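Structure first, commentary second.
The values are calculated or read from the model by the stated rules, or taken from the named source; none is laboratory data. Bear in mind the structure is a predicted one, so any value in this text is a computation, not a measurement. Because the Cβ atoms are built from the backbone with ideal geometry, glycine has one as well, and the counts that use them run over all protein chains shown. Heavy atoms of the whole protein, side chains included, go into the accessibility calculation; ligands, DNA and RNA do not. Shrake-Rupley method; radii C 1.70, N 1.55, O 1.52, S 1.80 Å.
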Amino acid sequence: AVLAVAGGALTVGTQPAIGEALGMPTGTPSASATAEPALRGTALDRAQAAATITTAKTVMQTANHKVDTSALEQRVDALSDYPDLSGAALTNRISTTVASTTHVAQASATQDKRDVDAKAAAAAKAAAERKAAAEAAEAARKLAAGNTVAGAKATATSLASSEYGWGADQFQCLDNLWTKESGWNYQAVNANGGATGIPQALPGSKMATVGSDWRTNATTQITWGLRYISSAYGTPCAAWGHSQANNFY
């Protein structure tokens, strides 16, 4: 800490920083000691100057590298002449050096906090980006798996059961129907009429009522197709029967 003495005597034995700065022996007074060497007047001011320089140098050495310490360096250089100074000139240089030291210490602490906050923010951003990338990769993996024939059939089986209560017999009819229509290929397009996707919606844009990704997502196509079958025929077996009789559904 920077020494600040309003006036009066300062005992060297209780102020090791000042004693060491002046090259005087220091230590804890013994119980039998009756007196300690005391600093007064100019000697006290010079002791304060030496201690102030020591503190200032410590602050500069430990300051954040982004903090400008040039002004404090100049103050320290100016105060280094303290053995030849006295009176108001010495007091003023001590005061300005203390103020500059305090400023650097506060600026360094502020910059340290900014650095910590910036590092934490960068780490959080990187973690969020990694999470988003992982989620995107997982979504892409699930989409690719769902777009295979096996994946599309698994999705259709699940939705037919959970949304409509259709069991294995109805799924068999659905399998027959969509195998005939598209081979469960989400990219299928009928060259003659433009019917699109697994359920062969005509036009394919009808499936946009379920999702804008109807061109690339088998699940979107299946969801629309099951709704269509339920609305138009009631069950997949009824739709399959109509297809067998009329070659369309």
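Before moving on, here are some points about what is shown:
- Structure-derived semi-axes √(5λ) of the Cα gyration tensor in Å - corresponding label in (1) 26, 24, 21; (2) 42, 23, 15; (3) 93, 19, 12: (3)
- Using alpha-carbon coordinates, inclination of helix 236-246 to the longest axis of the chain, degrees: 50
- Per atom type, the chain shows carbon and sulfur on 53% of its accessible surface, probed at 1.4 Å.
- Region 144-249, accessible area per residue, ligands and nucleic acids excluded (1.4 Å, Å²): 48
- Computed from point charges on the beta carbon alone (+1 for Lys and Arg, -1 for Asp and Glu), the dipole magnitude for the chain about its Cα centre is near 640 Debye.
- The chain, relative contact order in percent, only Cα pairs under 8 angstrom and at least six apart counted: 11
- Span from the region 183-249 Cα centroid across to the region 39-97 one, whole angstrom: 86
- Total formal charge among the other residues, if their Cβ is under 12 angstrom from that of ALA132, Lys/Arg +1 and Asp/Glu -1: 0
- Think of each Lys and Arg Cβ as +1 and each Asp and Glu Cβ as -1; about the Cα centre, that makes the dipole of region 90-201 roughly 620 debye.
- Within the chain, the longest run free of exposed loop sites, counting trypsin sites (Lys or Arg not before Pro) that sit outside DSSP helix and strand states (H, G, I, E, B) and have at most 12 other Cβ atoms within 10 Å, spans 67-249.
- C-alpha long axis of helix 149-164 to longest principal axis of the chain, angle in °: 80
- Close amide H pairs (under 5 Å, H built 1.01 Å from N) link ALA201 with THR196, residues at least 5 positions away or on another chain.
- Filtered chymotrypsin sites (Phe, Trp or Tyr not before Pro), region 142-193: DSSP coil and at most 13 other beta carbons within 10 Å: none
- Rounded, prolate or oblate (a/c below 1.5 giving rounded, otherwise prolate when a/b exceeds b/c) for region 145-234 by Cα gyration tensor: rounded
- On Cα atoms only, tilt of 70-79 relative to the major axis of the chain in degrees: 10
- For LYS142 and ALA109, the FRET efficiency from 1/(1 + (r/R0)^6), where r spans their Cβ atoms and R0 equals 35 Å, is about 0.10.
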